[in-house]
């Protein structure tokens, strides 16, 4: 049976976790209490009850805390289910992935169909545009910005460099660790870019390789199948 721990390092899952944290607007990451107050002890959920006014004018109360703003009751259930002994960053990540799994959104995330996943997660994270709660929600445009323009409709699956193709670019790396260009590999291609925003080729970087095909690269930020074929005509 699949467990959240299996997906801690999956790049698509990590991306959605970043989007959720961005949507929630947490300023102190894993150490954030509702209202963007910072707390330091991650041995357990802080369980600080705070009041707030909803968008319909009613007063409500919340114990939301952490990078993904877990309510105390929700966290207690996740802790029992997944054996979480503290409120550490890894435990919080596991708990968030557990919620994604419980809502049936994990397969969408793994396929890169973030839009479908977000539609299923509105009842869990009130900041998402699909949320039914009387609380401030992010617009779809904001979510797309957090995603870097990669929120896709339907079953779109972007074309990545394959392990075989990456091996042709980097022959000294006998066994590629994944089917993506690593930050280290991308740095070799783009030595003037001091800090890479992610482990993927950005739209800007792809545009440097294919200056006449800006529309495709801006839409996805990935090498298209056609572009990859130009780089690797032998397959």
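The values are calculated or read from the model by the stated rules, or taken from the named source; none is laboratory data. Quantities reported herein were computed from a predicted structural model and do not represent experimental measurements. Methodologically, a virtual Cβ is constructed for each residue, glycine included, from the backbone with ideal geometry; neighbour enumeration extends over all protein chains shown.
Give me the residue from segment 43-63 that is part of a loop (DSSP other than H, G, I, E, B) and without any contact (Cβ under 8 Å) to a residue 24 or more places away in the chain and, out of that set, surrounded by the most Cβ atoms within 10 Å (Cβ to Cβ). Taking the candidates together, the pick is 48.
The requirement of being surrounded by fewer than 19 Cβ atoms within 10 Å (Cβ to Cβ) and either more than 14 Å from the chain's Cα centre (by Cα) or not assigned by TED's automatic domain parsing to the domain that holds residue 142 (or both) is not satisfied by residue 91.
Looking only at residues in segment 64-82 that are touching a helix residue (DSSP H, G or I) at 6+ places or on another chain (Cβ under 9 Å) and part of a loop (DSSP other than H, G, I, E, B), the one that is surrounded by the most Cβ atoms within 10 Å (Cβ to Cβ) is 66.
Suppose the filter is in contact with a helix residue (DSSP H, G or I) (Cβ under 9 Å, 6 or more places away or on another chain), modelled with pLDDT of 95 or more and more than 28 Å from residue 108 (Cβ to Cβ); does residue 42 pass it? Yes; evaluated as a whole, the condition is true for this residue. Among the criteria (1) closer than 19 Å to residue 112 by Cα; (2) touching a residue at least 40 places away in the same chain (Cβ under 8 Å), the one residue 9 does not fulfil is (2).
In this structure, residue 36 does not satisfy being more than 18 Å from residue 125 (Cα to Cα), assigned by TED's automatic domain parsing to the domain that holds residue 119 and surrounded by fewer than 12 Cβ atoms within 10 Å (Cβ to Cβ).
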